[in-house]
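These notes are about the structure you will find just below.
The values are calculated or read from the model by the stated rules, or taken from the named source; none is laboratory data. Remember, it's a predicted structure, so these values are computed and weren't measured experimentally. As a convention, Cβ positions derive from the backbone with ideal geometry for all residues, glycine included, and neighbour counts pool all protein chains shown.
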Amino acid sequence: MFGECHAHIIMDGVNYRHAIDLHRNGPDDNVIREHLKIYQDRGITFVRDGGDALGVSARAKELAPEYGIDYRTPVFAIHKEGHYGSIVGKSFSTMPEFHKRVLEAKEQSADFIKIMTTGLLDFNAHGAITGTPLDAAEVKEMVHIAHEEGMAVMSHTNGTYGVQVAVEAGVDSLEHGNYMNEESLTMLSESHTVWVPTLVTVRNLLGDGRYADETLKPIIETAEENVRKAFRLGVKVAPGSDAGAYRVLHGQGIQDEMQAFVQILGNEEKAYQWLMEGEMEIRKKFCR
């Protein structure tokens, strides 16, 4: 069974605010155990979390061995003040402050560092990303600092500019990567970066009513075409669903993600082989 290479155990896939409130006074072991049990029951023995600001993923890492799960976490993601990221982590304003955040994460037994370099998909404007991306010099220095501290880097990144900057900086994994162009994919293919597309964060919204299907379908079609191009180019790609995001349920999310790849590529054997190789790269890079 494949592992889950991008999850947020603090979330529940149903109601973000309610899920967060359950942990406001400290990680709720009962909730965490419920989610871990779901992974155990589905035979998922590897989970890489994207972090949170309340210590929930760190607690999950402590409990996970009881369920036979190798659980990896950055503890919290790191974002620049005024930019997207407070939902899953802590902020910095200057590079010395970023370095302190890296050391803080290490002191809390983080397995790797997660950085936020761009915003999210803008569902009101196809092809657009919310917020302003960090500039190339900032991202390069962030990755350099983390690597100097012996930590791999997971990067939340979308858009052509953001992806190219992150790849040039040497991030170890690129999360989401929506709206890449051919040049970005070629850069990925020539790098050591592993792409984790999290396809079902959009695909699972179809028919839900939160966004019109007419808005979602072009986003999905663009992602599908980029997956096909990535396969042809030999980009390293790993399976991660962003489990915990709206309509992406723990345990089920990664199965939905796998099915999406099979549907897009039209060949289960090739899809599984490609993704297994990518997951092995993730395990090698992020399981120190």
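A few points about this structure:
- Criterion: touching a His at 6+ places or on another chain (Cβ under 8 Å) and of a type in the set (Lys, Arg) - qualifying residue of 100, 80, 106, 90: 90
- Looking only at residues of segment 22-48 that are in a loop (DSSP other than H, G, I, E, B) and touching a strand residue (DSSP E or B) at 6+ places or on another chain (Cβ under 9 Å), we find that the one that is nearest to residue 66 (Cα to Cα) is 45.
- Taking the criterion of being under 11 Å from residue 4 (Cβ atoms), surrounded by fewer than 20 Cβ atoms within 10 Å (Cβ to Cβ) and of a type in the set (Ser, Thr, Tyr), the only residue of segment 32-80 that qualifies is 45.
- Any hit, segment 271-287, residues being touching a His at 6+ places or on another chain (Cβ under 6 Å), within 21 Å of residue 56 (Cβ to Cβ) and not β-branched (Val, Ile, Thr): no
- Residue, surrounded by the fewest Cβ atoms within 10 Å (Cβ to Cβ), within segment 162-201, restricted to residues that are more than 17 Å from residue 238 (Cβ to Cβ) and β-branched (Val, Ile, Thr): 186
- The residues on offer are 281, 225, 257, and the sole one that is over 17 Å from the mean Cα position of the chain (by Cα) and among the acidic types (Asp, Glu) is 225.
- Leading residue by the ranking (surrounded by the most Cβ atoms within 10 Å (Cβ to Cβ)) among those in segment 81-111 that are hydrophobic (A, V, I, L, M, F, W, C) and assigned to a loop (DSSP other than H, G, I, E, B): 88
- For segment 219-249, filtering for residues that are in contact with an Asp or Glu (Cβ under 6 Å, 6 or more places away or on another chain) and surrounded by fewer than 18 Cβ atoms within 10 Å (Cβ to Cβ) leaves 0.
- Residue within segment 147-160 that is surrounded by fewer than 23 Cβ atoms within 10 Å (Cβ to Cβ) and closer than 30 Å to residue 213 by Cβ present: yes
- Any chance residue 39 is of a type in the set (Phe, Trp, Tyr) and under 21 Å from residue 90 (Cα atoms): no
- Check on residue 243, in contact with a strand residue (DSSP E or B) (Cβ under 9 Å, 6 or more places away or on another chain) and under 24 Å from residue 167 (Cβ atoms): no
- Exactly one residue among 33, 42, 59, 48 is basic (Lys, Arg), closer than 14 Å to residue 242 by Cβ and at pLDDT 95 or above, and that residue is 48.
- Of the residues screened, residue 14 is not one that is modelled with pLDDT of 95 or more and either in contact with a Gly (Cβ under 6 Å, 6 or more places away or on another chain) or outside any loop (DSSP other than H, G, I, E, B) (or both).
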